[in-house]
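> Sharing a structure below in C-alpha cells format, with a few things to ask.
The values are calculated or read from the model by the stated rules, or taken from the named source; none is laboratory data. Remember, it's a predicted structure, so these values are computed and weren't measured experimentally. Every residue, glycine as well, gets a Cβ built from its backbone with ideal geometry; the counts of neighbours run over all protein chains shown. We work out accessible area using only protein heavy atoms, side chains counted, and drop any ligands, DNA or RNA first. Shrake-Rupley method; radii C 1.70, N 1.55, O 1.52, S 1.80 Å.
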There are 2 protein chains.
Amino acid sequence: MDYRAWFQCIAGCNERYPLNEVVYQCRKCGDLLEVVHDMERLRHRSASAWMKLFDDRYLRTEWPYGSGVWGKKEWVCPSVHNDNIVSMFEGGTNLFWAERFGKSMGLDDLWVKQCGLSHTGSFKDLGMTVLVSMVKQMIAEGQKILGVACASTGDTSAALAAYCAAAGIPAIVFLPKNLISHAQLIQPIANGAITLALETDFDGCMAIVREVCSKNNVYLANSMNSLRIEGQKTVGIEIVQQFDWEEPDVIIIPVGNLGNVTALGKGFLMMKELGLVNRLPWIVCAQAANANPFYLSYCAGFKEFKPIKARKTVASAIQIGNPVSIRKATKVLQEFNGVVEQATEDEIANAAALADRTGLFNCPHTGVALAALLKLVARGQIKPEQRVVVISTAHGLKFSEFKIAYHEGKLPDVRSRYANLPIELPPKYDAVRDALFRALDSWSSSITPLEMFQ
Amino acid sequence: MDYRAWFQCIAGCNERYPLNEVVYQCRKCGDLLEVVHDMERLRHRSASAWMKLFDDRYLRTEWPYGSGVWGKKEWVCPSVHNDNIVSMFEGGTNLFWAERFGKSMGLDDLWVKQCGLSHTGSFKDLGMTVLVSMVKQMIAEGQKILGVACASTGDTSAALAAYCAAAGIPAIVFLPKNLISHAQLIQPIANGAITLALETDFDGCMAIVREVCSKNNVYLANSMNSLRIEGQKTVGIEIVQQFDWEEPDVIIIPVGNLGNVTALGKGFLMMKELGLVNRLPWIVCAQAANANPFYLSYCAGFKEFKPIKARKTVASAIQIGNPVSIRKATKVLQEFNGVVEQATEDEIANAAALADRTGLFNCPHTGVALAALLKLVARGQIKPEQRVVVISTAHGLKFSEFKIAYHEGKLPDVRSRYANLPIELPPKYDAVRDALFRALDSWSSSITPLEMFQ
C-alpha cells in the first residue's frame, strides 16, 4: 500500500507541495502549511488492524518501528525511506500514575506523560526525528543542503543539534549574544552545532536566520515547519495506546507557540477519523499568566487574537507573546470544546514543588499544567472519577537552577511554600537522632494542596 | 509456581535470611550477603519460555510487568506482592546504535545502552525500585520502619528520594556539610528527602548513618544492600533481549564501588545457567586513573587488593578508593575472563566530547568507558567485526557543569581538543554569511579520534 502525504496551505488555497521540497509557507498566499495525509488510503486498513500493527511494533527491535514515532510511520511521514531515518527510539515514555499527587486532590486516575525521558530530555525529539530524517532523505536524493538552522535557546536547538550530530549533518544555531548563558547552550555546543551569537535580540536573530536560509542552501527548522507537528502528534496516540486504546477524559498541556496542542489535537482527530477512538478528550491548554495571549483570546471567545509582549516567567520556553500556530491551535481547541487556563508564577512554582514531593521532577512548563489542574479540580471543572493526563514537556534536570532558586526562596513573585533545605548538624549521634525524629514527626505521607489552589 | 529467593552469606557460611528481614551482613562472619534464587524452580520453565514471557511483558501495560525490572520479577525479587511494587517503568532504555562514533574507529556494530534515560536520570533506578518495593512490603506486613537512609551525594540519593516520595515513605540523606552544593542535591531536596548536613567528611557521615540505622527503625539503603544488585542485573538481560536474545561480544562498563559490574555479571551467569545464552561476553571494566584500585589489583593478577586514596576526577561518582563489592566483582570478572582498563582525565573528557559530537550526551563516567573503548580498539584488543556495547550510567544533563567547563577549557589536566564555542558576530547578513561558510568549510561529517587514542 502506497501511503501518501504532502504539504498543503491551511488557508484553503489548494496549494500542495511534496514533503521533500524546501518550502515553509504557501507560495500563493503566504499562509502556514500543514501536512495532509491521503486518508482514503489509510482507511483501507481497519481501526483494529492499525491498533494491532502499532502494538506489534511498539518499542520492539525492528528498525525503525520500535520508535514511538516511526512505529506509526504511515500516519506520520510515509515517504521517508527507512535507511534515511534518524531515530533515537523516540516516545515510549512512561505514563506515570501520579497516585500520591492525585490523591492529594481527590483524583484516583491522574497520570503524567513523561515526555522528558527522552534522548535530549524534552518532547521536541518527537518532531525533530521527522524533520532531520526528511533532510537526510533530501540530501540522499541529491538536493544540496549545507545544514539545518534554527533560532532557539532551548529544547529545539538541543534536539536539532543531537539529531543532526547523529546524522552527520551540520546544525546551525542562531542566538542573541548577551541573553544566553553557556549553561543554556551546552547541549547544542556539546553536540557540535555551529553556534552564531549575534549582537541583537531574538527578533534580530530570526530576521537573519530567515535571510540566511532563503539565500543559501540552509534548511530552516523553525516552528513554522509542519513536519515536526507530524512527529509530535504521536504523543496523543501513544497515550491512548498506553491505556490499551481507551481515550482519557481530560488532557492538560502547557502551551506557548501552540505547535504542541495543534499536534495533540491532530493526532486525536486522525484517530477519530480512522475509528481508533469514539470520542475526543477535553483539552486544557495551560499558560503562564505572564505570557497569556492565548488565554486572553479564549476569554474573549476566540473572536480575535492580539499579540502581547510576554513578561518574564519561570516557564521560559513558553514566554511567547505572538505564537506561530495561533490559528491552527484555535481551530483545534474549538473542535475539542477545550479551554485555556492560566497560572501565576507563585502557582506554577508551588504546583511543581508539590508534585516533586510525590516523586516527580519536571520542568517549570509542566508546573504550569499542574497548576491549571489544581485550579480546575478546586473549581469542580475536573471531577474525581475522571481519567486525567498531564503532559510533561521536559525533564527537570534541564531546570535545576529553577528548582534550586525555589528551595532557596529566591524566585521573584513566589512564596516557596514547599521549600526543603538541609538541616545542618554536628556529627554527634544524639544531635542527629533528635533532629531526625523531629523531622520525621513533621513528615507527612499525605500531601495537601495549599489553600491557594482551593 | 512458587519462586523463591533469600539473602545468603558470600563467604559460604550457609547463613540464610529472608529478603524482608533487616539484615545487611552475615550475622555469623560479618561478610557481605547476596540474593540467591532457587534455581531448581526457575529451571522448570524452559529458556525459550522465559524469553517469550519476558518479551510478552516488555514495556507493555500490565502492572508491574511493563517495567524492564519487574518484567523479570521471578528472576529479581519474586516475593514482593505486586501491590507493594514502587515502579516508574524502569529499564527499556534505548540501546543506541552509535553509527558515526563507531565508524570513527572502524567499528560497525557499536551500541550505547542509555541507562540515563530514566526517571531520575541514572541506572540507579533499576536497583532502587527493588529496595523501596521491599521496604513498602515490610511496612505493609507490619514492620515498623520509619524511613530509608543513605549517605550519598549523587545518583543513589536522587533515586532513593524519588522512589520513597512516590511510595510515601520518608527518605533520609546524610551528607558532609561543606562538600556538597545545593545543585548536587536538588533532586533529593525537591523530592522532599530529610537532608542532614553534618560537619564532618564522608566517612564521618557513614559512621553516623550506620549508628542511626542500627539503633532505630531506619532502613539502610547503602551499597552493601544486595537487593539493589537484583534490579541492576536486568541491564545485561535487557541488552541481550534488545538484540533478539543474541549476546554481544564485548560489554564495557565504568566502575567504582563495583556493584554494577557484579550485577551485570550476575545477570549473564543466570541467563547462561538457565540456557538463554550459550556464551558470555568479554567484560571490560573502566576506571578513572585517579581512582583505580581495581585496575591496580587486575594488573597484579588479582593476587591481592589494596585500597587507595582516590584522587579527584571528573568521574566523581566513581572516585572511590575502597570499593564495597571488590570481592564479588573480582570473582565475576575472573569468570568472564574480563579486563580492567583505566583512563586519564584528559582521555575521559575528550572521549566524552568526541562521542557528544556524534549525538550522544552522557555523564563523565560514560566517558571513562568510552576512553577505554578507544584505547582497546587502538591496541587491537577489540576487533572491527565485534559487537560492542558501552553501558552509559547516567544522562549528561546531570553533569552540565562538567561539559561547560570542558568547552570553556577549564577542566584541570584536560586539553579540550573538541571544544566548541559560539562565534560572536554583528547582526549583519554579510558578516554572518561569511562566518557561517567558514565554519561549514571546516565542519567534517567524519569524526576522527585523536592520536591520543591511537
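> Please go through the stretch B:418-436 and pick out each residue that is within 25 Å of residue B:343 (Cβ to Cβ) and surrounded by 15 or more Cβ atoms within 10 Å (Cβ to Cβ).
The answer is B:418, B:420.
> Now, a different point. Scan the stretch A:405-418 for residues that are assigned to a loop (DSSP other than H, G, I, E, B) and more than 9 Å from chain B (Cβ to nearest Cβ) and jot them down.
Across the stretch A:405-418, the qualifying residues are A:409, A:410, A:411, A:412, A:413, A:414, A:415, A:416, A:417.
> Separate question: Criterion first (of a type in the set (Asp, Glu) and buried (at least 21 other Cβ atoms within 10 Å of the Cβ)) does residue A:109 satisfy it?
Spelling it out, it is not the case that residue A:109 is of a type in the set (Asp, Glu) and buried (at least 21 other Cβ atoms within 10 Å of the Cβ).
> Tell me which residues, restricted to the stretch A:144-168, are at pLDDT 95 or above, among the aliphatic types (A, V, I, L, M) and touching a strand residue (DSSP E or B) at 6+ places or on another chain (Cβ under 6 Å).
Within the stretch A:144-168, A:145, A:146, A:148, A:149, A:160, A:161 qualify.
> Just to be sure, is residue B:98 of a type in the set (A, V, I, L, M, F, W, C), within 19 Å of residue B:246 (Cβ to Cβ) and exposed (fewer than 15 other Cβ atoms within 10 Å of the Cβ)? Talk me through it step by step, then tell me what you get.
Values: of a type in the set (A, V, I, L, M, F, W, C): yes; within 19 Å of residue B:246 (Cβ to Cβ): yes; exposed (fewer than 15 other Cβ atoms within 10 Å of the Cβ): no.
The answer is no for residue B:98.
> Let me ask something additional. Taking the options B:34, B:21, name whichever one is within 23 Å of the chain's Cα centre (by Cα) and among the charged types (D, E, K, R). Reasoning before the result, please.
Values: B:21 fails: within 23 Å of the chain's Cα centre (by Cα).
Just a single option satisfies the conditions, and that option is B:34.
> Looking at B:317, B:310, B:288, B:300, which is the one that is open to solvent by less than 30 Å² (accessible area, probe 1.4 Å) and over 26 Å from residue B:248 (Cα atoms)?
Checking each option against the conditions leaves just B:310.
> Suppose we keep only residues that are over 18 Å from residue A:88 (Cβ atoms) and under 17 Å from the mean Cα position of the chain (by Cα) within the stretch B:349-370. Which one would you say is surrounded by the most Cβ atoms within 10 Å (Cβ to Cβ)?
Only one residue fits best here, namely B:368.
> Among the residues of the stretch B:212-252, how many are in a helix (DSSP H, G or I), within 15 Å of the chain's Cα centre (by Cα) and closer than 22 Å to residue B:22 by Cβ?
Going through the stretch B:212-252 one residue at a time, the tally reaches 6.
> Give the residue, chosen from A:401, A:385, that is assigned to a loop (DSSP other than H, G, I, E, B), among the acidic types (Asp, Glu) and out of contact with any Phe, Trp or Tyr (no Cβ under 7 Å at 6 or more places or on another chain). First the steps, then the outcome.
Values: A:401 fails: assigned to a loop (DSSP other than H, G, I, E, B).
After ruling out the rest, the residue left standing is A:385.
> Here are some residues: A:173, A:235, A:218. Which one is open to solvent by less than 10 Å² (accessible area, probe 1.4 Å) and in contact (Cβ under 8 Å) with a residue 40 or more places away in the chain?
After ruling out the rest, the residue left standing is A:218.
> Looking only at the stretch B:427-438, which residues are facing chain A (nearest Cβ under 7 Å) and modelled with pLDDT of 95 or more?
If the condition is that a residue be facing chain A (nearest Cβ under 7 Å) and modelled with pLDDT of 95 or more, then B:429, B:432, B:433, B:435, B:436 are the ones that fit.
> Tell me which residues, restricted to the stretch A:134-162, are within 11 Å of chain B (Cβ to nearest Cβ) and either touching a His at 6+ places or on another chain (Cβ under 9 Å) or not aliphatic (A, V, I, L, M) (or both).
A:147, A:159, A:162
> To continue, here is another question. For the stretch A:338-352, how many residues are outside any helix (DSSP H, G or I) and either free of Cβ contacts under 8 Å to residues at least 12 places away in the same chain or of a type outside the set (S, T, N, Q) (or both)?
Count: 5.
> Could you please find all residues in the stretch A:151-179 being assigned to a loop (DSSP other than H, G, I, E, B) and in contact with a helix residue (DSSP H, G or I) (Cβ under 8 Å, 6 or more places away or on another chain)?
Once the filter is applied, which keeps residues that are assigned to a loop (DSSP other than H, G, I, E, B) and in contact with a helix residue (DSSP H, G or I) (Cβ under 8 Å, 6 or more places away or on another chain), the stretch A:151-179 yields A:152, A:153, A:154, A:168, A:169, A:170, A:179.
> Kindly list the number of the only condition in (1) without any contact (Cβ under 8 Å) to a residue 60 or more places away in the chain; (2) buried (at least 21 other Cβ atoms within 10 Å of the Cβ) that fails for residue A:439.
So residue A:439 meets the others, but not (2).
> Does residue A:329 qualify as being small (Gly, Ala, Ser), over 30 Å from residue A:8 (Cα atoms) and surrounded by 24 or more Cβ atoms within 10 Å (Cβ to Cβ)? First the steps, then the outcome.
Details: small (Gly, Ala, Ser): yes; over 30 Å from residue A:8 (Cα atoms): no; surrounded by 24 or more Cβ atoms within 10 Å (Cβ to Cβ): yes.
Answer is no for this residue.
> Which of the helices (runs of 4 or more DSSP H) found entirely inside the stretch B:1-79 contain at least 2 residues meeting this: closer than 29 Å to residue B:142 by Cβ and open to solvent by less than 30 Å² (accessible area, probe 1.4 Å)?
Passing ranges, in order: B:73-76.
> Count, please, the residues in the stretch A:378-408 that happen to be under 30 Å from residue B:399 (Cβ atoms), among the charged types (D, E, K, R) and either surrounded by fewer than 17 Cβ atoms within 10 Å (Cβ to Cβ) or at pLDDT below 95 (or both).
3
> Given the criterion open to solvent by less than 10 Å² (accessible area, probe 1.4 Å), assigned to a strand (DSSP E or B) and among the aliphatic types (A, V, I, L, M), identify the matching residue among A:148, A:209. Working first, answer last.
Values: A:209 fails: assigned to a strand (DSSP E or B).
Result of the check over A:148, A:209: A:148.
> Hey, another quick one. Test residue B:373 against the stated conditions and say whether it is closer than 17 Å to residue B:97 by Cα and open to solvent by less than 40 Å² (accessible area, probe 1.4 Å).
yes
> Right, something else. Limited to the stretch B:175-217, what total is found for residues that are facing chain A (nearest Cβ under 7 Å) and acidic (Asp, Glu)?
2
> OK, next. Go through the stretch B:253-266 and give me each residue that's open to solvent by less than 10 Å² (accessible area, probe 1.4 Å) and either closer than 19 Å to residue B:313 by Cα or under 10 Å from the mean Cα position of the chain (by Cα) (or both).
B:253, B:254, B:255, B:256, B:258, B:261, B:263, B:264
> Which residues, counting only those in the stretch A:348-404, are touching a strand residue (DSSP E or B) at 6+ places or on another chain (Cβ under 9 Å), among the charged types (D, E, K, R) and within 12 Å of chain B (Cβ to nearest Cβ)?
Result: A:356, A:398.
> Name every residue in the stretch B:432-452 that is over 16 Å from residue A:165 (Cβ atoms) and of a type in the set (Phe, Trp, Tyr), in order of residue number.
B:437
> Would you pick out the residues in the stretch B:131-164 that are more than 20 Å from the chain's Cα centre (by Cα) and not aliphatic (A, V, I, L, M)?
Of everything in the stretch B:131-164, those that are more than 20 Å from the chain's Cα centre (by Cα) and not aliphatic (A, V, I, L, M) turn out to be B:136, B:137, B:141, B:142, B:143, B:144, B:147.
> Another question, then. So which residues in the stretch B:112-126 are outside any loop (DSSP other than H, G, I, E, B), of a type outside the set (S, T, N, Q), open to solvent by less than 10 Å² (accessible area, probe 1.4 Å) and out of contact with any Leu (no Cβ under 7 Å at 6 or more places or on another chain), if there are any at all?
B:125
> Exactly one condition in (1) in contact (Cβ under 8 Å) with a residue 60 or more places away in the chain; (2) open to solvent by 20 Å² or more (accessible area, probe 1.4 Å); (3) aliphatic (A, V, I, L, M) is not met by residue A:179; state its number.
(1)
> Still on this model: Filter the stretch A:427-448 down to residues that are over 16 Å from residue B:151 (Cβ atoms) and either aromatic (Phe, Trp, Tyr) or in contact with a Cys (Cβ under 6 Å, 6 or more places away or on another chain) (or both), then give me how many there are.
2
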